[in-house]
1. How long is the gain from Asn38 to Tyr94 if the chain were fully straight, where each residue apart is worth 0.36 nm and the alpha carbon distance is subtracted?
2. First measure r as the distance between the Cβ atoms of Ala237 and Ser206, then evaluate 1/(1 + (r/R0)^6) with R0 = 25 Å and state the FRET efficiency to the nearest 0.05.
3. What figure in square angstrom, to the nearest 10, would you give for the accessible area of Lys107 with a 1.4 Å probe?
4. Step through the table entries Lys63/Lys242; Lys118/Lys242; Lys46/Lys242, compare each Cα-Cα distance with 18 Å, and write down the pairs that go over it.
5. Could you list which residues have their amide H under 5 Å from that of Ser197, counting only those 5 or more apart in sequence or on another chain, with H placed in the peptide plane?
6. From the protein chains alone at 1.4 Å, what is the descending order of accessible area for Phe232, Phe127, largest first?
7. In whole Hz, what ³J(HN,Hα) sequence does segment 77-84 give by Karplus (6.51, -1.76, 1.60; θ = phi - 60°), x for Gly and Pro?
8. To the nearest 10 Å², what's Tyr94's accessible area with a 1.4 Å probe?
Amino acid sequence: MCGRTACTLAPDDISKACTYRDVHGRRRRPGWRDGDTNKYSPSYNKAPQSNNPVLVSGRHFDKDVDSSERVIAAMRWGLIPSWFRESDPSKMQYSTSNCRSDTIMEKTLYKAPLTKGKRCVVLAEGFYEWQRQSGEKQPYYIYFPQSGEEQVKEEEIKEEKVDGEDEATEWEGWRLLTIAGIFDCWEPPNGDEPLYSYSIITVEASEGVNFIHNRMPAILDGDEAIQKWLDFGQVPAQEALKYIHPIENVSCHPVSTVVNNARNNTPECTVPIDLKCKKEPVLSGSSKKMLSWLKSTSPKKEALGSPVSMKPLSKQETPPKKTSAGLMHKWLKKEDEEPSPKRPKIN
């Protein structure tokens, strides 16, 4: 499954990172759908119901463009179907952040948009998954291996530029994960702006990450897979589904549990940690003062810390305890004894 992602790039950098070659071999940089850059907020810790960047075929928004052309849109994570009748998308009773590849053609919720060509590619620098161990959950960060070998020098790009090609500068940053998804468009009953939302397709986890979880997102590795998945005009659903399978080309490392809380949006979420290091307990202010005092040396503490001979008191040395039961026993004992003779009255 996939319940949290990271995408910290600015909109323009996302566009650069998604540069591709069209069917004519020309280098293209996909643009953002009008107004969608304002809907997207970079974050180290993006959860369902947040708006995230996705690649889609440009024909979904402009019927006159070729279905192979790409555009970036900001969509809500958690699919809201077009037939949803409530006025508030938060009233959706089902969790639709993920959909299983093995049942995608069995559930109308997902089958309908898939057969209508509403396929998308979710963009992220990486995603988080939690490993259950000894009753605890250890988060891991999973992403594409980052290699300089895949980068092309800017001079080479300019030499290969052909007529009609976009002016593109080299992207030397992080290689984005490209995750297969499906989307739909819901129109609110009150006539508000249509809501575009998506669901991430999941598959069985590959051998490299199945020690963390038994499922993973369907990652499209390479531009051919992305092109086949997005081009609904040329590639029917059944053929596109052939690209939905586990891949081994991912890296991962354990991260701090700070990512567990979706409100935590800091670089610490993605920083590797060493699981072998002993986790230090979180001390309160008073505990820290006590620890500091114990580590310090002072005459008062040394006197307190010097050994004192303490030998136990013997039974004879043990003072009697005055209890209610003891006092009652003593009183009864006096009652059993002979009464003392009365003293004669003195006139």
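The values are calculated or read from the model by the stated rules, or taken from the named source; none is laboratory data. It should be emphasised that the depicted structure is a prediction, and the values quoted were computed from it without experimental measurement. Neighbour counts are summed over all protein chains in view; Cβ atoms, including those assigned to glycine, are modelled from backbone coordinates with ideal geometry. Please note that ligands, DNA and RNA were not included when accessible areas were found on the heavy atoms of the full protein model with its side chains. Shrake-Rupley method; radii C 1.70, N 1.55, O 1.52, S 1.80 Å.
1. On the way: separation 56, 0.36 × 56 = 20.16 nm, distance 2.78 nm.
Contour length minus Cα-Cα distance gives 17.4 nm.
2. Working: r = 24 Å, r/R0 = 0.94.
Result of the calculation: an efficiency of 0.60.
3. Ignoring ligands and nucleic acids, Lys107 comes out at about 100 Å².
4. On the way: Lys63/Lys242 26 Å; Lys118/Lys242 16 Å; Lys46/Lys242 28 Å.
Checking Cα-Cα distances, Lys63/Lys242; Lys46/Lys242 exceed 18 Å.
5. Sorted by chain and number, the residues that satisfy this are Arg76, Ile80, Asp184, Trp186.
6. Values: Phe232 55, Phe127 0 Å².
Of Phe232, Phe127, the descending order of accessible area is Phe232, Phe127.
7. 3J(HN,Hα) across segment 77-84, in whole Hz: 7, x, 5, 10, x, 5, 8, 4.
8. 150 Å²
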